[in-house]
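J.: Sharing a structure, written as structure tokens. Questions coming.
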Amino acid sequence: MSDWASFFRWPQLTEGTIITLYACSAFFLLWFLFEWWRYSRRMTYRDSLEHIFEIPKNLISKLKDIRGGQ
């Protein structure tokens, strides 16, 4: 058997590594849910869409100001 098979094999995980992976996954999932909840409380969906499209307008106006208002 060639060495390519061992290259694609999942590495041996110890119990501590698995616990660490689960802990990190749980932490980032909870953090993401908290930030998502915090952001959804701050803005409605329509406001968030307006905010997303407002950013390019601000960039374009700033570029026009830099170029001298052309």
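Every number here is computed from the coordinates shown, using simple stated rules; none is lab data. The model shown is predicted, which means the values in this text are computed figures rather than measured ones.
J.: Between residue 62 and residue 14, 0.36 nm times their residue separation minus their Cα-Cα distance comes to what? Walk me through the numbers on the way to the answer.
T.: Details: separation 48, 0.36 × 48 = 17.28 nm, distance 5.36 nm.
Answer, rounded to one decimal: 11.9 nm.
J.: For the stretch 16-25, take each phi angle, set θ = phi - 60°, evaluate the Karplus expression 6.51 cos²θ - 1.76 cosθ + 1.60, and give the result in whole Hz per residue in order, putting x for glycine and proline.
T.: Computed from phi, the couplings for the stretch 16-25 are x, 5, 5, 4, 5, 4, 5, 5, 5, 4 Hz.
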